[in-house]
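What follows is a short report on a single structure.
The values are calculated or read from the model by the stated rules, or taken from the named source; none is laboratory data. Computed from a prediction, not measured in an experiment: that's the story for all the values here. Please note: Cβ atoms are built from the backbone with ideal geometry, for glycine as well, and neighbour counts cover all protein chains shown. Side chains included, ligands, DNA and RNA excluded: accessible areas come from the protein's heavy atoms. Shrake-Rupley method; radii C 1.70, N 1.55, O 1.52, S 1.80 Å.
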Amino acid sequence: FYETHEIKTSDKYFTWGWTTKGSPSLVPTASGKLFHAKRKITQNPRGFILWINYSLPPYARIHLSDVLGPQMPVYIDEQRRFLSAVSEKVRELILLRLYMHDYGWGECDRWGKFDPPIKMDQGNMPFYEQINNSRLVITTYNSTTYLEAFVANVPTILFWNPRYEQLRVSAQPFFDDLRRVGILHDTPESAAEKVNEVYEDPMSWWSSLEIQEVKTRFCYQFARTSDNWISEWKEKLLKIVSAKKNYRK
């Protein structure tokens, strides 16, 4: 929501891989943050299923293509529909990671009444520690979280409501590919069906050539990493400085 302003007021705007026509200031560059995530995260094939939720204040504070505060009841209901659609064996393996701030929704009480045995954590355990103990990650909103799982090659299933999580036209083909191979789902029921299908050995599904090709293309566009990211940043920054000096001369 503030991207247009930032690009227009920047000499150079570094991205994690993407560019936009008509914006010559954009510089696709490997992410140092994601490089460190890649090194710190390792999938546990016998671990639990990490189901990541989030929360927002009840009143809208900003305008962007995402679930806003007044739409949180719809988001919570979609999460309940997901849990209702997974098998009993999947339920036993799920660890629900709630957002660290409740914002008055009373989610711990809500989930405790809806499914008393469910295991929950309200953001107290470090994310990397949880993902390192997971066989499968389920993400329910469009954020950096699943990019970290992608670059670490952790089996990941996404689901969100496309009515709220709208995409720019240039990004649509990459997300369509995620849908085509069963990574991204538009309904909680579809996501639950895929989880029921792959939960016993998610890495076997995730390691298929088709999944890996789609995931790698997506990461190159939106979550680019490199073992030489520091050198690459240095080279690009020095070029910018050199060009500025030449311009002033």
| remark: Any trypsin sites (Lys or Arg not before Pro) in region 120-176 that lie in a DSSP loop and have at most 14 other Cβ atoms within 10 Å would be Arg163, Arg168
| message | Which of rounded, prolate or oblate describes region 31-97 when judged by the alpha-carbon gyration tensor and an a/c cut-off of 1.5? | response | oblate
| query | At what distance in angstrom do the alpha carbon centres of region 13-63 and region 204-239 lie from each other? | reply | 12
| request: Take the Cα of Glu232, step 7 Å along the line toward its Cβ, and report every residue of region 1-19 whose backbone nitrogen sits under 15 Å from that point. | output: 14-19
| query | With the Cα gyration tensor of region 154-220 giving a ≥ b ≥ c as the square roots of its eigenvalues, does the rule (a/c under 1.5 for rounded; else a/b larger than b/c for prolate; else oblate) give rounded, prolate or oblate? | reply | oblate
| request: Note the full-extension length gain between Lys40 and Glu88 as 0.36 nm times their separation in residues minus their Cα-Cα distance, in nm to one decimal. | output: 14.2 nm
| task | List, in the order given, every pair from Lys40/Lys244; Lys33/Lys194; Lys215/Lys239; Lys21/Lys215; Lys21/Lys194; Lys33/Lys245 whose Cα-Cα distance in the structure shown is over 26 Å. | result | Lys40/Lys244; Lys33/Lys194; Lys215/Lys239; Lys21/Lys194; Lys33/Lys245
| Sorted by accessible area (1.4 Å probe), largest first, how do Thr139, Thr144 line up? | Thr144, Thr139
| query | His36: accessible area at probe 1.4 Å, nearest 10 Å²? | reply | 80
| When only the heavy atoms of the protein chains count and the probe is 1.4 Å, how do Lys234, Lys113, Lys38 rank by accessible area, highest first? | Lys113, Lys234, Lys38
| Accessible area, probe 1.4 Å, largest first, for residues Cys219, Cys108 | Cys108, Cys219
| query | Based solely on its DSSP helices, what 222 nm [θ] is calculated for the chain when runs of n ≥ 4 H residues each add -39,500 (n - 2.57) and the sum is averaged over all residues, nearest 500 deg cm²/dmol? | reply | -13500 deg cm²/dmol
| Let a ≥ b ≥ c be the square roots of the eigenvalues of the Cα gyration tensor of region 28-176; is it rounded (a/c under 1.5), or, if not, prolate (a/b larger than b/c) or oblate? | oblate
